[in-house]
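Written out below as structure tokens is the structure these notes cover.
The values are calculated or read from the model by the stated rules, or taken from the named source; none is laboratory data. All values derive from a computational prediction rather than experimental measurement. Cβ placement follows ideal geometry from the backbone for every residue including glycine, while neighbour counts extend to all protein chains displayed.
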Amino acid sequence: MKTKMLAVMLAFATNAALAGSITNGDFATGDLTGWSANGPVSVGNNGSYNYASLYAGLGPNIYTTLSQTLHLDAGDVLTGNAQFFAHDYLPYNDDAFVSINGFNLFASDVAAVGDYGTSMLTSFSWVATTTGDYVLTAGVENYGDNINSSELQVSNFAVASNVPEPASIALLGLGLAAVGVIRRKAANDNKS
């Protein structure tokens, strides 16, 4: 009986729902492995964590970008951080963004932070509504000229499952059933 229960629990555990994944989301490799970059993008470290730094400078109104295609399951949660550094002044309203399939997770510009200003380090979270492939993109541009290139730093991208794994639910059910069987067996042994 115990062997059969163990076999059933292992069968459920091997079918557990796994969250989608992101390659090198924390830039721990010290490079851009897993990412596609267009323009001046590098990896740095602030003493606590690695980050990717994107600099505008490809020309007026042309975005420097960093992107990765992810496969996510419905309910998966994408998280990350972004910070914008305006190295310019108005009317040159340089801007930056982080988006997934065109939905903005982060956006900032010179008008929002002030001349030569900096945004707060912003954490964001987004839940996939359907299972499929998604494109995560970060970008920064020089607006109106190609001088005083602004910067976007992104870090700590991660994906986690937001739905209970079927294996966890199955194991809980099996555990409760096992307790019931043990109680019944103990009650029958006490009657004898």
* Structure fact -> In the set Leu54, Leu78, the lone residue that is farther than 23 Å from Ile147 by Cβ, at pLDDT 95 or above and assigned to a strand (DSSP E or B) is Leu78
* To do: Pick out the one residue from Ala107, Ala28 that is among the aliphatic types (A, V, I, L, M), modelled with pLDDT of 95 or more and in a strand (DSSP E or B).
  => Ala107
* Asked: If you take the residues in segment 33-46 that are within 26 Å of Asn148 (Cα to Cα) and part of a loop (DSSP other than H, G, I, E, B), which one is nearest to the chain's Cα centre (by Cα)?
  -> Trp35
* Considering only segment 131-146, how many residues are in a strand (DSSP E or B) and closer than 16 Å to Pro91 by Cα? -> 2
* Structure fact -> Among the residues of segment 110-130, the number that are under 19 Å from His71 (Cβ atoms) and either in a strand (DSSP E or B) or in contact with a His (Cβ under 6 Å, 6 or more places away or on another chain) (or both) is 3
* Does Thr129 satisfy the condition of being touching a residue at least 12 places away in the same chain (Cβ under 8 Å) and within 15 Å of the chain's Cα centre (by Cα)? -> yes
* To do: Identify all residues within segment 101-118 that are within 14 Å of Gly80 (Cβ to Cβ) and either in contact with a Pro (Cβ under 9 Å, 6 or more places away or on another chain) or crowded, with 19+ Cβ neighbours inside 10 Å (or both); write none if there are none.
  => Leu105, Phe106
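Counting only residues that are among the aliphatic types (A, V, I, L, M) and surrounded by fewer than 21 Cβ atoms within 10 Å (Cβ to Cβ), which one in segment 71-100 is nearest to the chain's Cα centre (by Cα)? Please lay out each step first, then the result.
So the first thing to find is which residues in segment 71-100 are among the aliphatic types (A, V, I, L, M), and the list is 72, 74, 77-78, 82, 86, 90, 96, 98, 100.
From what is left, the residues that are surrounded by fewer than 21 Cβ atoms within 10 Å (Cβ to Cβ) are 74, 77, 90, 100.
On the way: Ala74: 14, Val77: 7, Leu90: 32, Ile100: 10 Å.
Among them, the one singled out is Val77.
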* Out of all the residues in segment 90-104, which are touching a residue at least 12 places away in the same chain (Cβ under 8 Å) and either outside any loop (DSSP other than H, G, I, E, B) or more than 18 Å from Leu58 (Cα to Cα) (or both)? -> Leu90, Pro91, Asp95, Ala96, Phe97, Val98, Ser99, Ile100, Asn101, Phe103
* To do: Sort out which residues of segment 133-173 are crowded, with 16+ Cβ neighbours inside 10 Å and either acidic (Asp, Glu) or at pLDDT below 95 (or both), and write them in order of number.
  => Glu141, Glu151, Ser161, Glu165, Ala167, Ala170, Leu171
* Near pairs, Cβ below 6 angstrom, 6+ apart or cross-chain, from segment 52-76 (within 14 Å of Asn142 (Cβ to Cβ) and touching a residue at least 40 places away in the same chain (Cβ under 8 Å)) to any residue that is surrounded by fewer than 18 Cβ atoms within 10 Å (Cβ to Cβ) and of a type in the set (D, E, K, R) -> Pro60/Asp145
* Only residues in segment 18-41 that are more than 20 Å from His71 (Cβ to Cβ) count as the first member; pair them with residues that are part of a loop (DSSP other than H, G, I, E, B), Cβ under 7 angstrom, at least 6 apart or cross-chain, and list the lot. => Gly39/Gly57; Gly39/Leu58; Pro40/Gly57; Val41/Leu32
